[in-house]
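The values are calculated or read from the model by the stated rules, or taken from the named source; none is laboratory data. What you see is a predicted model; the values in this text were computed from it and never measured. In this analysis, Cβ positions are derived from the backbone assuming ideal geometry, glycine residues included, and neighbour counts consider all displayed protein chains. Only protein heavy atoms, including side chains, enter the accessible area calculation; ligands, DNA and RNA are left aside. Shrake-Rupley method; radii C 1.70, N 1.55, O 1.52, S 1.80 Å.
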Amino acid sequence: MSNHSATSEITFEHAPAENTSRIWKVFWLLSFLTAAELLLGYGHARHWYGGNEGLILFVKGVICILTAFKAYYIVSVFMHLGDEVRNLIMTIVTPLLLFVWFIIAFLWDGDSWKTLRNTDAHSRPNIENIKHHAPASAMPGEKP
Amino acid sequence: MSTTTVQGTKWWAGGKSPFNATYGKVMMWYFLMSDAFTFGAFLISYGTIRFSVNFWPDPNQVFNAFPGFGHQDLPLSFVSLMTFILIFSSVTMVLAVHQGRHMNRKGVEKYMILTILGGIAFLSCQAWEWTHLITGEHKVLVNGALETWGTTVSKNPWGPAVPHEQLSALGLAASEHVTTPGPVAFGGYFFGITGFHGFHVFTGVLVNTIMLIKTRLGHFDQRGHYEMIEKAGLYWHFVDLVWVFVFLCFYLI
């Protein structure tokens, strides 16, 4: 047991890591994941995926998953949450599961608003894919 | 310490922290969890609005500048620099915590200075990017008249481009890039969320500076432990963690 225990609240002192190899390993991992995200994002910027909506959505999904891995490594290793006892980990992680519901529910809601607007609350065909160049109707001398 | 002794412990029997952590550290974790909900609410609200409109500006068009490269189209370049600055300052922070665990005051000082410099570098980048967006001039067709707009919380010049036929009708060259107003929420969300994150970075730099001063004064050596560095480190890593998501939501997808 270490001789600089902070308080009596600590039952088991975590022995400090001998060297910094784990930190650098995670640094390279985070750099690699970020580089992969940037490469996929750069592909989108340079239109490598053409107009393939499904492929673009898939690439964006992959980027989101890579981000989740980055978040896991930052929290687990850099913030040392992975070294804490299970009780503490659970009290932090369990409430955050609410985000699963939040994200699904709110994005669904946003999409629903879009449909309601585009169909005037389901009273006409969806106008989403009609090319809308906003100024067309507001141009002087043009019919709306 | 072995894993088996930890597992055999009756954590809830009383007389000790069931979390095997000090009060201060547990409360720092709960603060960060609540802050995660704040940022999460902001980002989800942004996502909801983005899902609710037919057109949203392409981040690769909006964020394509790099200081010193004029009008060259360099998507993702400057934000990559910002991201790597923050990742690297996260590494120097965890190295400071590591030195603190080994009661090495000189090492803590060195890595805290590097972390603070990383934070200042990030804030400087953000200041440049905001200035570039706000003062950048873009031709926008508003109700049939041309206006010059920057990106602000009330003006978004990143709407759909005006087609060439309409440009000639307006007496403009076909090569001219003129847009129509984009969804007004764009600037508010971008400046609001990156501003709130930048404010966290600024606070983190302040906290880290105080910790550096306390380290130099030998307060933690007198106390016999460097736990304050660990708690400041938790906050700093959280700031990096939030940036990972801001980077994802505003620049990548």
### Query
What's log10 of I(q)/I(0) for the protein assembly as shown at q = 0.09, 0.10 Å⁻¹, Debye sum over Cα points only, no solvent?
-0.64, -0.76
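For the stretch A:29-123, what class follows from the C-alpha gyration tensor (a ≥ b ≥ c being the square roots of its eigenvalues): rounded when a/c is under 1.5, otherwise prolate if a/b is larger than b/c, else oblate?
Working: a/c = 4.90, a/b = 1.35, b/c = 3.65.
It is oblate, given that a/c is not under 1.5 and a/b is not larger than b/c.
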### Query
With all protein chains present, how much of the accessible area of the stretch A:25-100 (probe radius 1.4 Å) comes from carbon and sulfur, to the nearest whole percent?
75 percent
## Note on the structure
Mean separation of Cα contacts under 8 Å (at least 6 apart) over the residue count of chain B, i.e. the relative contact order in percent, is 23 percent
### Query
Leaving out ligands, DNA and RNA but keeping every protein chain, what accessible area does A:His14 have, in Å² rounded to the nearest 10, with a 1.4 Å probe?
40 Å²
### Message
Over the protein assembly as shown, with the other protein chains present, what is the accessible area per residue in square angstrom, probe 1.4 angstrom?
### Response
50 Å²
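Count, for each residue of B:35-44, the Cβ atoms from other chains sitting within 10 Å of its Cβ, then give me the mean as a whole number. Numbers along the way, then the final one.
On the way: counts 0, 4, 5, 0, 0, 5, 3, 0, 3, 8.
That works out to 3 on average.
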### A versus B: buried accessible surface, summed, Å² (probe 1.4 Å, to nearest 100)
6500 Å²
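Once the Cβ-Cβ distance between B:Arg105 and A:Trp24 is put in as r, and R0 is 22 Å, what FRET efficiency do you end up with, to the nearest 0.05?
Numbers: r = 22 Å, r/R0 = 1.02.
Plugging the Cβ-Cβ distance into 1/(1 + (r/R0)^6) gives 0.50.
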### Query
So which residues of the stretch A:44-71 lose at least 10 Å² of accessible area, probe 1.4 Å, when you go from the chain by itself to every protein chain present?
A:His44, A:Ala45, A:Arg46, A:Lys60, A:Ile63, A:Cys64, A:Thr67, A:Lys70, A:Ala71
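Decide, for the stretch B:193-253, between rounded, prolate and oblate: order the square roots of the alpha carbon gyration tensor eigenvalues as a ≥ b ≥ c, take rounded if a/c falls under 1.5, and otherwise choose prolate if a/b is larger than b/c, else oblate.
prolate
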### Magnitude of the charge dipole, chain B, Cβ model with Lys/Arg +1 and Asp/Glu -1, debye to 20
1360 debye
